[in-house]
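Visitor: One structure, as structure tokens, below. Some questions next.
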Amino acid sequence: MESREIFWNISQIGWLYALTFIAFLLLFYGCYDHVKFWGTGRKTGGGPPLRLRWKSFLSLALFQRGILKRAYPGIMHLFIFWGIIVLFIGTVLLAIEHDFLKPIFSYSFIRGNFYKVYSFFLDLFGLLAVIGTVMMLMRKYLFPEYRGVRGRPDTLAVWSLFFVLVTGFLVESARIRGTGAEEPFSPIGYVLSALLPRLFDAESLQLFHEVLWWIHLVLALILIAMIPYTKLFHIIAGSFLTLSDPKVKKGILSPVFSEPLRLEPDRLTRLSRLQLLSLAACTQCGRCEEVCPVVSDQSLLSPRRVMDGLRRELQRSNNHLGFLQNGAFLAGFWECLACRLCEEECPISLKVAEKIVDVRRHQVMALSQFPAELRSVFRNVETFGDPFGEGKYAREDWIQGEAVKRRLRNRNGCLVWIGCQSAFHERNKKVAWAFTKLLDVLSIDYFLLGKEEVCCGDLARRTGNEYLFRDSVLKNIDTFRRYGVQKIVTLCPHCFHVMKEEYPHWGGHYEVLHYTELMAEVIQQGKVPFSKSLDKKTVYHDSCYLGRYHDLYREPRSVLNHVLMDGLMEMEKNRGSSVCCGAGGGNFWTRGNTGERINATRLEEVCDKGAQIICTSCPYCLVMFEEAIRNQERQGLVAMDLAELLDLVKPSGTEK
Amino acid sequence: MIKIIVCLKVVNQLCSERGFDAVKRTIDPDCIVKMVNPADEYALEMAVHLKEREEAEVIALSIAPEDDEKLLRFCFAMGADRAYRIWEDGFDRLNGPAIAYLLSLAIRRLQGNLVLCGRRSADANGNEVGGYLAEFLGFPVVSGVTSIEAFEGRDKVICRRRIERKGWDLIETAIPAVLRVDRGEREPRYPNIFSILAWSEREIHLFNQVSLEANSLYLEECNSLTRVLEWIRPKPKKVFTPKSNLPPEERIKLVLSGGMDKKKAEFIRGETREIVSQMVDLLAKQKCFKPEGEG
Amino acid sequence: MEKGDLWVILEHGNKELSDISKELCSQGRRMKKSHATLVAILVGREVQESAHRLGRYGVEKTYLVEGEDWARFNEEAYMDLLSNLIVEKSPSLILFGSTPMGNALAPRLAVRTRGALVTDCVDFKKQGDRWVAVKSIQGNKINAKVTLSADRLQLFTLKPGAFEIEEVAPLQPIEVIPIPFRPSPVRVRTKIIGFIKADPKSSPLEEAEVILAGGKGFGNLKEFKVLEELGDLMGATVAGSRPAVDLGWLPYERQIGLTGKKISPRLLLVSGISGAFEFVIGIKDSNFIIAINKDPAAPIFKSADAGIIGDHHEILPVLIETLKKVEK
């Protein structure tokens, strides 16, 4: 058959247009409200190139890469998403032809073979959509711990969708039966239509068809109108978000001040447009909450609740963070480790951790409210230049030999940035020493700044003290300029991250490497006389800043596999899903038990593998693990830094 | 409206005794850290806190060169309303009496009702300027104030002074007065960014000898009352004198080590009773065995 | 110029002379050389007896100001008294204790008499016929030698505990001269109008002179309480490392270390703490540290002045017993 009669058996078509008009009116009105709200957001200039935006849109929105990280919900959502899109396109094509092309140009295209293909695909995707919806309903009722569909609006939406789809098929089958059409290429409708004669006679069939048709229409229009008022809005917000805010570089925070030192009036009290958009795009799926290491009985923090709470409160206050004066919202805020597991797990990579840090900025800078422990940390960095409060004078204490002392400030080769942890903390001094010895053995030319180093500032930035951060950055950039620094190798991933990604904003452009990158390079070039001689069972812990922030997974592993006799053991949660050691986000300094609790869990994982060495490449991780090992009195397990490990396997004959 | 004047000093604090070269009698500049005297910060916090409860104006006053302004501004951002700086070439060598003289001229000029200052500075450890100020100005002085309760009418202020481990004295003093602060009950607040930014631009008014109408002869006289000749190493801590069960060489080694260099604990081993009796000796020597309630 | 007398301004407790007064007298005696007489100024309610006993510290003359008016230290009254006395008797050197009383009086008297003052002296060195004072500065890390301008009244406040007390056999009986002086009431502008008692246990850690620190080594709260008993006996404050606070044995205000407080007591007794960096960084400014630990290789011994190898579970109870006996 040529095509189908669109309004077969349907009279009073005027209502269709009227109701559609109303539905779309409600849709646009609701969306306008949202857009107006986004308008209250701060403008943040610039943005990534178009190419990246499209890439992000395709990947996350169209191909659903993020959601598909988990099989069941991924497929479920994929079916629904594509099902609805195809059905929608189908309807739109129909409408274009019927209301526009036919009357004006007397042109129609939904006929013949095109029609067959068209109808087949609509049926197929309709079926997929039904399967998806049924999967969603099953998940909601059989596994209530999954939070995706919760509350009346959500439930109403899903059931409406289900019935829209079902009635759609029923209507199709009734039409096929009623018009006696032969449409085996509309398989579902065709099959169903065969069942109908048993239930209805010709007249009641027509009634059945007409009633269902209107039900179908009304439910569909309800769904459309509902979009801006419920979680369904993520359809629009999410798509826009992937277009506007692609994940270009991870874990970078936007600066607070404009230069010369100025604070825009709203900077600390209002969120930006993109941030508001991302709050609207959050579907409260709860994946972030599932993977967040802090979430537990002992903590009030929940990244999901942060997103939800922020959205609600900001809508209520018209995008003003003043509501933060009421402390209740902030429960658990300072326990966030800034590890970004939430951002990685999020299906559309919403920047959850970034929002928590933004709130911290407001707290610290606008209200001067922060945990008491941070007070002395801030003071120490301001006065002494390091969070320990030891001072410039003690920064070179870790150096034991004359050879290394000669490297101080002699401007040859690349700069090795020691950082505060490795310069002052007793445990980490050994790592600094091991690494510099290594460089000497490998004849790599380098120099140290020693006393000229000042805290890199990561600690200040992650705890929201942007003023202190800026101060530290400017001081270090000035020092780098005076010493003509071009290439920096850091021991600490935190220093690495800020110098690489965040210093450029203030004009500090350098080639920055973490030392594991340097080591990997060196091993690749075959310049290393190490042999596979270490026969301990070793496990490697990916630190948050090297791993999730920078995807540096391969480098440390290539180094370790080069020296370990039996190769490296992997923990179950490794690479991107590696769990933070518990020291991030300022938690090394703030008192909460959070850090230790998280660390304990992570340590269990290590011990389950029967490892003898847990190898890290971050000074914070090292200290945390050592403390946990000591507290839990684990025998036979030792925490070591990668540099120390390499130091162990140095070929004999080199001076100790 | 009460004018509270807070005197602040930027101190050059020695981080560690290692920075002092006992032979050359010099201090390594790398071992010096500049900060606002901690006691003065407590004083400023006290003033700002009082301003929140009573009608008052907080004026910060400091003898400091321009280079120190950044540090001071951050401190002023705690809540000072106005700030004044006294400086002239040669003012880096002022002693306690000279400092107090200059401050008193400024205070009189500014017509301060209540003067708050730290009791002693972390570097010079003068422990005197507050007292000098009181005499120069003719004000009563209360030392060791830990918090200010309230004004009593227009001419009195009530404050608290903590007596270690026992409680607080409630003191009433006529104003104008000088209050010397060691450690207040309230920790100095961390200034918020708006305040910091405002203070990064606000003018700090300048005073010098001429604008203060200082008597330069008298200033000279004050400045010559005391003079620091040089720095020397402190006497070694009283070393733990071990019981005679150690061989003489060991005992001599202990006495000679003096305790200034890296600590090396000398060990007591043995029977519990023996250990305890040595401990009691030690405690008595350190004069820290003092039960509660001693008058 | 004829040197005037050397005065020492003494302080008196409820029943007897305070230690600082004895130190002042002894030091005064040592510094007397070219001054006319060593004179003590003693003010108080019932101080007659003590005045006569001053001879054994080398004092030759005492100006005694006694009476109900002088029961408590009142700055204005003392200032009145002393400035008048100084004008009348013209001493050339005055020693005070670096105490609340001494530090309140000395600077003010210095200005009033146009004298020169050095506070917190820990030593004196002779230079010709003048004294050069040595005072501790920079948080007791170094000392400074300070000279005073000549032909001025020299005033010094002496740091308590820095000078030896020496008793001597007096050559002549001490001359005690009562000074009748009534402070003018009009001049009193400051008065103590009350006292608010505080729970001695709630004093901040930074104030404590003697601290007992305990850690995980105690095992449980019951054992930890032993430390509290010792603290009560010694008048010391009990604090702990982070594990002790995390385990709920102490409130956070009592935590010492990297994420706790930095303390500077006169004496610190550490037991049941291994001495990791995070703890040790908080105790570096302590004057004297005693550590008790079973393990001779424990890192805490690197920071201790005296180390006791033993089990604190055994040692502390015996220490408590012994101290109780000593008290009696």
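Visitor: Can you go through A:GLY595, A:GLY584, A:GLY610, A:GLY576 and tell me which one is more than 30 Å from A:TRP334 (Cβ to Cβ) and either small (Gly, Ala, Ser) or in the same structural domain as A:GLY419 (by TED's automatic domain parsing) (or both)?
Guide: Just one listed residue meets the conditions, A:GLY610.
Visitor: If you don't mind, there's one more thing I want to ask. Out of (1) at pLDDT below 90; (2) out of contact with any helix residue (DSSP H, G or I) (no Cβ under 9 Å at 6 or more places or on another chain), the odd one out for A:ASN380 is which?
Guide: Looking at each condition in turn, A:ASN380 falls short on (1).
Visitor: Could you check, for region B:6-20, whether at least one of its residues is without any contact (Cβ under 8 Å) to a residue 12 or more places away in the chain, within 14 Å of chain A (Cβ to nearest Cβ) and in contact with a helix residue (DSSP H, G or I) (Cβ under 8 Å, 6 or more places away or on another chain)?
Guide: No.
Visitor: Take region A:381-400 and flag every residue that is under 15 Å from A:TYR467 (Cα atoms), at the interface with chain B (Cβ under 10 Å from one of its Cβ atoms) and not charged (D, E, K, R).
Guide: If the condition is that a residue be under 15 Å from A:TYR467 (Cα atoms), at the interface with chain B (Cβ under 10 Å from one of its Cβ atoms) and not charged (D, E, K, R), then A:THR383, A:GLY385 are the ones that fit.
Visitor: Could you tell me whether any residue of region B:47-60 is under 25 Å from C:LYS141 (Cβ atoms), assigned by TED's automatic domain parsing to the domain that holds B:ALA198 and surrounded by fewer than 20 Cβ atoms within 10 Å (Cβ to Cβ)?
Guide: Checked against the condition, which is being under 25 Å from C:LYS141 (Cβ atoms), assigned by TED's automatic domain parsing to the domain that holds B:ALA198 and surrounded by fewer than 20 Cβ atoms within 10 Å (Cβ to Cβ), region B:47-60 yields no hits at all.
Visitor: If you check A:ARG554 against the conditions, is it at pLDDT 85 or above and either under 19 Å from A:GLY419 (Cα atoms) or not polar (S, T, N, Q) (or both)?
Guide: So A:ARG554 fits the description; yes.
Visitor: Of all residues being under 19 Å from C:SER26 (Cβ atoms) and of a type in the set (A, V, I, L, M) in region C:107-126, which is surrounded by the fewest Cβ atoms within 10 Å (Cβ to Cβ)? Just the residue, please.
Guide: Result: C:VAL122.
Visitor: Among residues belonging to region C:96-117 that are in a strand (DSSP E or B) and not small (Gly, Ala, Ser), point out the one that is nearest to the other protein chains (Cβ to nearest Cβ).
Guide: It comes out as C:LEU117.
Visitor: Continuing with the same structure: Tell me yes or no: at least one residue of region B:144-160 is modelled with pLDDT of 90 or more, farther than 19 Å from B:ASN113 by Cα and facing another protein chain (nearest Cβ under 8 Å).
Guide: no
Visitor: Can you confirm whether A:SER272 is within 21 Å of A:GLY45 (Cα to Cα), in contact with a helix residue (DSSP H, G or I) (Cβ under 6 Å, 6 or more places away or on another chain) and either in the same structural domain as A:ILE84 (by TED's automatic domain parsing) or at pLDDT 90 or above (or both)?
Guide: In short, no.
Visitor: Now, a different point. Would you mind stating whether C:ALA77 is under 21 Å from the mean Cα position of the chain (by Cα), more than 7 Å from chain B (Cβ to nearest Cβ) and surrounded by 21 or more Cβ atoms within 10 Å (Cβ to Cβ)?
Guide: So C:ALA77 does not fit the description; no.
Visitor: For A:GLU354, which of the numbered conditions (1) part of a helix (DSSP H, G or I); (2) charged (D, E, K, R); (3) within 14 Å of chain B (Cβ to nearest Cβ) fails to hold?
Guide: (3)
Visitor: While we're on this one: Taking B:LEU72 as the residue in question, decide whether it is within 19 Å of B:CYS117 (Cα to Cα), modelled with pLDDT under 95 and either in contact with a strand residue (DSSP E or B) (Cβ under 9 Å, 6 or more places away or on another chain) or buried (at least 18 other Cβ atoms within 10 Å of the Cβ) (or both).
Guide: no
Visitor: Since B:ALA80 meets every condition but one in (1) of a type in the set (Gly, Ala, Ser); (2) surrounded by fewer than 22 Cβ atoms within 10 Å (Cβ to Cβ); (3) modelled with pLDDT of 95 or more, which condition does it not meet?
Guide: Among (1) of a type in the set (Gly, Ala, Ser); (2) surrounded by fewer than 22 Cβ atoms within 10 Å (Cβ to Cβ); (3) modelled with pLDDT of 95 or more, the lone unmet condition for B:ALA80 is (2).
Visitor: Within the bounds of region B:195-218, is there any residue that is assigned to a loop (DSSP other than H, G, I, E, B), under 23 Å from B:GLU54 (Cα atoms) and either polar (S, T, N, Q) or touching a Lys or Arg at 6+ places or on another chain (Cβ under 8 Å) (or both)?
Guide: Scanning region B:195-218, I find no residue that is assigned to a loop (DSSP other than H, G, I, E, B), under 23 Å from B:GLU54 (Cα atoms) and either polar (S, T, N, Q) or touching a Lys or Arg at 6+ places or on another chain (Cβ under 8 Å) (or both), so the answer is no.
Visitor: With the structure loaded, tell me whether C:GLU46 is more than 11 Å from chain B (Cβ to nearest Cβ), surrounded by fewer than 19 Cβ atoms within 10 Å (Cβ to Cβ) and at pLDDT below 90 or whether it fails that test.
Guide: So C:GLU46 fits the description; yes.
Visitor: Scan (1) at the interface with another protein chain (Cβ under 7 Å from one of its Cβ atoms); (2) outside any loop (DSSP other than H, G, I, E, B) for the single condition B:ASP123 breaks and write down its number.
Guide: Result: B:ASP123 fails condition (2) only.
Visitor: Okay, next question. Filter region B:192-236 down to the residues that are over 28 Å from B:ILE27 (Cα atoms) and in contact with a Ser or Thr (Cβ under 7 Å, 6 or more places away or on another chain), then identify the one that is farthest from the other protein chains (Cβ to nearest Cβ).
Guide: If we take residues in region B:192-236 being over 28 Å from B:ILE27 (Cα atoms) and in contact with a Ser or Thr (Cβ under 7 Å, 6 or more places away or on another chain), then B:GLN209 is farthest from the other protein chains (Cβ to nearest Cβ).
Visitor: For region B:141-187, which positions are part of a strand (DSSP E or B), of a type in the set (D, E, K, R), more than 19 Å from the chain's Cα centre (by Cα) and farther than 17 Å from B:ILE2 by Cβ?
Guide: If the condition is that a residue be part of a strand (DSSP E or B), of a type in the set (D, E, K, R), more than 19 Å from the chain's Cα centre (by Cα) and farther than 17 Å from B:ILE2 by Cβ, then B:ASP169 is the only one that fits.
Visitor: Return the only residue of A:SER278, A:SER254 being among the hydroxyl-bearing types (Ser, Thr, Tyr), touching a residue at least 24 places away in the same chain (Cβ under 8 Å), part of a helix (DSSP H, G or I) and within 30 Å of A:VAL579 (Cβ to Cβ).
Guide: A:SER278
Visitor: Output the residues belonging to region A:473-496 that are assigned to a helix (DSSP H, G or I) and crowded, with 24+ Cβ neighbours inside 10 Å.
Guide: Within region A:473-496, A:VAL473, A:ASN476, A:PRO493, A:HIS494, A:CYS495, A:PHE496 qualify.
Visitor: A further question on this structure: Which of (1) modelled with pLDDT of 85 or more; (2) assigned to a helix (DSSP H, G or I) is the odd one out, the single condition A:ARG51 does not satisfy?
Guide: (1)
Visitor: Continuing with this model, one more query. Can C:THR147 be described as among the polar types (S, T, N, Q), surrounded by fewer than 20 Cβ atoms within 10 Å (Cβ to Cβ), facing another protein chain (nearest Cβ under 9 Å) and part of a strand (DSSP E or B)?
Guide: Taking the combined requirement at face value, the residue satisfies it.
Visitor: Shifting gears a bit: Counting only residues that are out of contact with any Gly (no Cβ under 9 Å at 6 or more places or on another chain), under 17 Å from A:ARG630 (Cα atoms) and buried (at least 24 other Cβ atoms within 10 Å of the Cβ), how many does region C:255-295 have?
Guide: So the answer is 0.
Visitor: Please tell me if A:ASN326 is at pLDDT 90 or above and not basic (Lys, Arg).
Guide: The answer is no for A:ASN326.
Visitor: Name the one entry in A:ALA403, A:ALA434 that is surrounded by fewer than 19 Cβ atoms within 10 Å (Cβ to Cβ) and either in contact with a Lys or Arg (Cβ under 8 Å, 6 or more places away or on another chain) or part of a helix (DSSP H, G or I) (or both).
Guide: Within the list A:ALA403, A:ALA434, the selection yields A:ALA403.
Visitor: When only residues in region A:523-573 that are of a type in the set (S, T, N, Q) and in a helix (DSSP H, G or I) count, which is nearest to the chain's Cα centre (by Cα)?
Guide: A:SER558
Visitor: Give the residues of region C:183-222 that are out of contact with any Leu (no Cβ under 9 Å at 6 or more places or on another chain), away from chain B (no Cβ under 13 Å) and surrounded by 12 or more Cβ atoms within 10 Å (Cβ to Cβ), sorted by residue number.
Guide: Once the filter is applied, which keeps residues that are out of contact with any Leu (no Cβ under 9 Å at 6 or more places or on another chain), away from chain B (no Cβ under 13 Å) and surrounded by 12 or more Cβ atoms within 10 Å (Cβ to Cβ), region C:183-222 yields C:GLY215, C:GLY217.
The values are calculated or read from the model by the stated rules, or taken from the named source; none is laboratory data. Please read these numbers as outputs of a predicted model, since none were measured by experiment. Please note: Cβ atoms are built from the backbone with ideal geometry, for glycine as well, and neighbour counts cover all protein chains shown.
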